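In what follows, a single structure is set out as structure tokens and then discussed.
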Amino acid sequence: MDISKSLAEIRSDFHLIMVGSGPYLHEMKVDLNGLPAIFTGFLEGDELAQAYASADIFIFPSTTDTFGNVVLEAQASGLPVIVSDEGGPKENLIPDKTGFIVPAKNPGALSEAVFKLMNNPQRLKKLRFAMIKPFENFNQLIALFSDLRCNRIPGQLVIQLTDRCNAFCPQCGMRVTKKFKRSTLSADNVKRIIDAAAQKGVNVVSFTGGEPFLFLDRLVMFIKYAGEAGIEYIRTGTNGFMFANHHSAHFESRVKKVAETLVSTLLRNFWISIDSAVPSVHEQMQGLPDVIAGIEKALPIFHEQGIYPSANLGINRNVGGDMTKGLRVNAIIEDDDYLGSFYIAFKKAFREFYCLLSNWDLQW
Ligand code: SF4
């Protein structure tokens, strides 16, 4: 909002087009009242493509997104992107070639980047041109997926219930140590989204966070609601925090209660995020001591209830970094060969993941 105000003061041709919805929408509308700002609400399909095509620059200052698919979509539509230096989106562009990375939560830096681009139409043109090549393949991929989807692969809706989390994952902007105003979707909004999805024939819904199991009662309520709305495949996931402290006297009964609660719903599957094939690395990254032993202990309890959790393999950007030095082959230890090191560690990590998880008898 700050950047819109300052840019609107300097440039009469600046227009903010805000696509999407969220808990701050009303506040933003009020704050930007009278300024050149258009709020389109939630868009999809052709309307969304039109919004991308009508814009000159795509600004995505989120500090909490772990991936940022929209940043790829924008570039694939020929839009230069400006993202923050926190979270996953910064890894989805070619810096200074298809977009810019600016310091997080720094409206001054963000407006400066936008201002510079607006003042340099030649540069803007060059950036657009630079994007055509790298994203040609991406567009082909999107076309292929759209093709495959035709009545065969059901569309999946991911509902991020909350950005609250109790884990410490260093790669994630939602980690518990990050200071920002957290939010959780209201029950009314979640139900509205589920109703709309069911009406449109969406058959797969995933509830994510943050950590959705922090709000188990609400999560269960939404799973039941989605089931009653006719959604066939309902999934959710956890970082596994409830499997920590497995030495506690109440561990088994606690896990059994969770399993019984889940089995009473139409939940199809839930995943446990595993961030490394090396248990100590995973535990250190998530800040959940001894949780791997807890997961191993909890699985048979779920199996007894007929629930076979899956593993969400999070081989992430820390592979090849300091925390996974143990995975590096001896020949590649120099930091300046990070990519080579990453590649080899990634392959090794993948193999080790599968070995570790097959031993757990997880569902694939
Ligand atoms: S568990 Fe997931 S949401 Fe929580 S900090 Fe780790 S990656 Fe982020």
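We did not get these values from a lab; they are worked out from the coordinates using the rules stated. What you see is a predicted model, and the numbers here were worked out from it, not measured in a lab. Cβ sites come from the backbone with ideal geometry, for glycine too, and all protein chains shown count toward neighbours.
Structure notes:
- 3J(HN,Hα) along segment 111-117, derived from phi through the Karplus expression 6.51 cos²θ - 1.76 cosθ + 1.60 where θ = phi - 60°, amounts to 5, 4, 4, 5, 4, 4, 5 Hz, with x in place of Gly and Pro.
- Largest-first principal axis extents of the Cα set of segment 2-146 (Å): 42, 31, 27
- The chymotrypsin sites (Phe, Trp or Tyr not before Pro) of segment 1-70 meeting both criteria, a DSSP state outside H, G, I, E and B (loop) and at most 14 other C-beta atoms within 10 angstrom of the site's C-beta, are 24, 42, 67.
- Rounded to whole Hz, the Karplus (6.51, -1.76, 1.60) HN-Hα couplings of segment 166-176, x for glycine and proline: 10, 9, 10, 3, x, 8, 10, x, 9, 4, 4
- Virtual paramagnetic centre 7 Å along Cα→Cβ of residue 266, amide N under 13 Å, in segment 215-254: 222-235
- For residue 84, distant residues with modelled amide H under 5 Å away: 62, 102
- For the pair residue 156 and residue 17, label points projected 7 Å from Cα toward Cβ lie 2.9 nm apart.
- Two-site FRET efficiency, residue 297 against residue 354, from Cβ-Cβ distance with R₀ of 22 Å, rounded to 0.05: 0.55
- If you plug the beta carbon distance of residue 116 and residue 26 into 1/(1 + (r/R0)^6) with R0 = 45 Å, you get a FRET efficiency near 0.90.
- Multiplying the residue separation of residue 256 and residue 164 by 0.36 nm and subtracting their alpha-carbon distance yields 30.7 nm.
- For residue 166, the residues whose modelled amide H falls within less than 5 Å of its own, excluding neighbours fewer than 5 places apart on the same chain, are 211.
- The distance separating the Cα centre of segment 260-282 from that of segment 1-49 comes to 38 Å.
- Efficiency of FRET between residue 216 and residue 1 - r from beta-carbon atoms, R0 35 angstrom, step 0.05: 0.50
- Extension gain for the segment residue 96 to residue 183, taken as residue separation times 0.36 nm less the Cα-Cα distance, is 28.1 nm to one decimal.
- Checking every one of the GluC sites (Glu not before Pro) in segment 32-120 against DSSP loop status and a limit of 12 other Cβ atoms within 10 Å picks out 44.
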